[in-house]
Amino acid sequence: MKRVLFGLTVSAAVAVLAGCGTSGMGSSSPAASASASTGAGMAGVAKAAAALQPKSGTNTTGRVTFDQQSGGVMVVVAVTGLPPGTSHGFHVHEKGDCSAPDAMSAGGHFNPTGKPHGQMTMADHHAGDMNNLTADASGNARVQFLMPDVTVAPGPNSVVGRAVVIHKDPDDYRTQPTGNSGGRIACGVVAAS
């Protein structure tokens, strides 16, 4: 079990202190740089969340959390107010703006690498492409999965400051660039937590 000292693991803290040497705390050393790049520097931005609000006249609400892990970002979804037994396209969108009544203010799918749209398991897909959400008989959807192509930490693939959108129809994973998933029925801005 690792102990945490002011946001750093003990081994990372030792590496930082070792890198300071006698030249003072302000020096930049390879040891300090290495500890920051191994994740110790991400300690304050390892989690994010989005509260989904209804759009396009629906009652769909929910919460999506993002937890930075070594193999990607663990996403946990809890949604209510979907039509029972239906499937819905579900994506991270490029703009963290859900102000429009139809959520069109969120822009297109988050696609920092310029790839074609597809399913998460396909070689080519947008970083923000996720699998369809399927509602149970009560109109609820709960799912958990790993997104390997995004981060919570700052960088070009970060989900923080983006939007999460649920669409009216299922994603067909073929139609470019949207998957033909129809209007937007819920939207939430992703913020670090």
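Quick note: the coordinates plus some simple rules give every number you see, no bench work behind them. Keep in mind that what you see is a predicted model, and the values were worked out from it rather than measured. Using ideal geometry, Cβ is built from the backbone for each residue, glycine included, and neighbour counts are taken over all protein chains shown.
What nm value, rounded to one decimal, do you get for the distance between Thr113 and Lys47 when each label is placed 7 Å out toward the C-beta?
The two pseudo-label positions are separated by 2.8 nm.
With an 8 Å Cα cut-off and a minimum separation of 6 or more residues, compute the relative contact order for segment 46-192 in percent. Let's see the in-between values first.
Values: 434 pairs, mean separation 48.8, N = 147.
It rounds to 33 percent for segment 46-192.
Going by amide H atoms built from the backbone, whose H comes under 5 Å of the H on Gly183, apart from near neighbours?
Those lying under 5 Å, H to H, from Gly183 are Lys168, Asp169.
Starting at the first residue of segment 183-193, write each ³J(HN,Hα) from the Karplus equation 6.51 cos²θ - 1.76 cosθ + 1.60 with θ = phi - 60°, in whole Hz, x for Gly and Pro.
Once rounded to whole Hz, the list reads x, 9, 10, 7, 8, x, 8, 7, 10, 4, 10.
According to a simple spin-label model (label point 7 Å from Cα along Cα-to-Cβ), what is the distance in nm between Asp124 and Ala100?
2.6 nm
Among rounded, prolate and oblate, which fits segment 46-192 when a ≥ b ≥ c are the square roots of the eigenvalues of its C-alpha gyration tensor, a/c under 1.5 means rounded, and a/b larger than b/c means prolate?
Verdict is rounded for segment 46-192.
Tell me, what HN-Hα J-couplings in whole Hz come from the Karplus equation 6.51 cos²θ - 1.76 cosθ + 1.60 at θ = phi - 60° for each residue of segment 109-120, using x for Gly and Pro?
Running phi through 6.51 cos²θ - 1.76 cosθ + 1.60 with θ = phi - 60° gives 4, 5, 9, x, 9, x, 8, x, 5, x, 6, 4 Hz.
Suppose the Debye formula is applied to equal point scatterers at every Cα of segment 103-155; what is log10 I(q)/I(0) at q = 0.15, 0.21, 0.22, 0.32 Å⁻¹?
Log10 I(q)/I(0), no solvent term: -0.55, -0.93, -0.97, -1.22.
Starting from segment 136-193, pick out the trypsin sites (Lys or Arg not before Pro) whose DSSP state is loop and whose Cβ has at most 13 other Cβ atoms within 10 Å.
Answer by residue number: Arg174.
Show the residues, 5+ positions off or on another chain, whose built amide H is closer than 5 Å to the amide H of Val150.
Counting only residues 5 or more places away or on other chains, the set is Val73.
Tell me, what HN-Hα J-couplings in whole Hz come from the Karplus equation 6.51 cos²θ - 1.76 cosθ + 1.60 at θ = phi - 60° for each residue of segment 134-145, using x for Gly and Pro?
For segment 134-145, the Karplus-derived couplings read 10, 7, 7, 5, 9, x, 9, 10, 9, 8, 9, 7 Hz, x marking Gly and Pro.
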